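Taking it in order: structure first as structure tokens, then the write-up.
The values are calculated or read from the model by the stated rules, or taken from the named source; none is laboratory data. Treat the numbers as computed from the prediction; the structure is a model and nothing was measured. So basically every Cβ, Gly included, is an ideal-geometry build from the backbone, and we count neighbours across all protein chains shown.
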Amino acid sequence: MKIVQVMASSAGMGGLEQHTIKLCNALAEHHEVHLIAHASYRDYLHVGIKLHNIDLSRSRFNPLLHYQLFQLIKSISPDIIHAQANKAANILSPWLNKFDCPTIATIHNIKTNIKPFLKFDKVIAVSHKIAQIFPEENKVQVIWNGTSVEYLSEMRLTPRIRPQALAIGRLVQAKGFDLLIEAWQGVDADLLIAGEGGDRPILEKKISELFLQDNVKLLGSRSDIPQLLTNSDVMIISSRNEGGPITLAEALLLKVPVFATDVGMVTDFLDQEYVCRPNDAQALKLLINKKIGLKSQLQPKFESAFEKAQLNLKFEEMCTKTEKLYYEQIQLKKS
């Protein structure tokens with residue numbers, strides 16, 4: 001199967017980019033994969049993937065960009081076209097009826113304008129919350145963002161009396177770490193935040209102003225996330241908005257309890273009692289204070305979430321479902 005993936009990211013490595021690159025690398029084991037994306041992603045790709053560098057940072061209304069992309073895809077003559085996220089879907093949508101192959105778009109977050117996605121033969125939504133915004137159920141298939149995790153033993157020199165929570169992500173407003181730090185006032189637990197980003201000075205200032213230096217630590221970018229998760233009692237997702245998040249999959253696969261704001265696929269896996277409104281520091285504080293505890297106390301309450309994650313959130317499962325959808329759409333196009 002000849003697959004064209006289109007990713008309109010200009011640079012950087014967030015959840016969308018990691019998802020697309022890992023999916024392409026897995027598909028390249030058995031298929032001919034062409035990725036249309038920024039040249040900066042070349043070093044992350046399987047040797048067999050053909051990277052086509054087009055400057056997708058230009059306006060989605062740029063006529064030259066549209067023409068170049070259309071001509072390139074026509075020259076590849078793929079069996080299937082897969083657009084990743086909003087900008088790629090917007091750029092491709094006017095041209096879809098000129099391609100002979102099936103077209104798929106993945107929507108990674110809730111959008112107010114879904115018209116470009118409706119023009120594709122099929123839409124992949126990364127959560128039921130996103131799928132619900134589409135008027136036609138048969139247009140959308142939910143395929144959760146899966147991940148691979150390294151299973152490690154817990155490493156503690158002494159038994160922990162006080163709970164330790166972990167939050168993971170880029171230090172940007174969307175992740176809501178400012179709200180999480182505000183919510184941490186009066187919480188009898190330690191908070192570690194792993195990640196780097198432009199909001200670090202803002203978060204450092206907030207920690208200092210709230211006198212939380214002893215309780216909240218910014219760890220910076222870390223390569224030992226599986227070990228940090230395994231050593232923590234709970235992971236907290238404080239995002240204002242989110243597609244996956246992939247950190248939910250990582251935590252649940254490692255059997256780490258999770259408290260979260262109601263974003264992405266959170267309520268597909270967590271009981272409502274461990275979820276609160278997004279963008280609300282007080283609601284987050286109430287949730288944490290009510291539910292925080294040691295892992296040994298929390299784990300039995302998350303058994304159903306752990307089991308569901310094992311069945312649905314492994315990377316191999318996501319790849320299998322995506323590949324199956326490709327074949328189904330190709331057969332439908334032929335019939």
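Yes or no: region 237-249 includes at least one residue that is of a type outside the set (A, V, I, L, M) and free of Cβ contacts under 8 Å to residues at least 24 places away in the same chain.
Among the residues of region 237-249, not one is of a type outside the set (A, V, I, L, M) and free of Cβ contacts under 8 Å to residues at least 24 places away in the same chain, which makes the answer no.
If we scan region 240-254, do we find a residue that is of a type in the set (D, E, K, R) and more than 23 Å from ASN145 (Cα to Cα)?
No, because not a single residue in region 240-254 is of a type in the set (D, E, K, R) and more than 23 Å from ASN145 (Cα to Cα).
Residues that are surrounded by fewer than 22 Cβ atoms within 10 Å (Cβ to Cβ), of a type in the set (Ser, Thr, Tyr), in contact (Cβ under 8 Å) with a residue 40 or more places away in the chain and not in a helix (DSSP H, G or I): does region 69-88 have at least one?
yes
I'd like the residue in region 105-117 that is aliphatic (A, V, I, L, M) and touching a helix residue (DSSP H, G or I) at 6+ places or on another chain (Cβ under 7 Å) and, out of all such residues, is farthest from GLY244 (Cα to Cα).
Filtering first and then ranking leaves ALA105.
Between a first residue in region 1-26 that is of a type in the set (Gly, Ala, Ser) and a second residue that is part of a strand (DSSP E or B), which pairs have beta carbons less than 8 Å apart while being 6 or more apart in sequence or on different chains?
ALA8/ALA37; ALA8/GLN84; SER9/ALA37
Looking at (1) under 25 Å from ILE130 (Cβ atoms); (2) touching a residue at least 24 places away in the same chain (Cβ under 8 Å), find the lone condition where LEU192 falls short.
Of the numbered conditions (1) under 25 Å from ILE130 (Cβ atoms); (2) touching a residue at least 24 places away in the same chain (Cβ under 8 Å), the odd one out for LEU192 is (1).
Are there any helices (runs of 4 or more DSSP H) wholly within region 252-310 with 1 or more residues that are modelled with pLDDT under 95 and out of contact with any Ser or Thr (no Cβ under 9 Å at 6 or more places or on another chain), and if so which?
Filter on region 252-310 gives 295-298.
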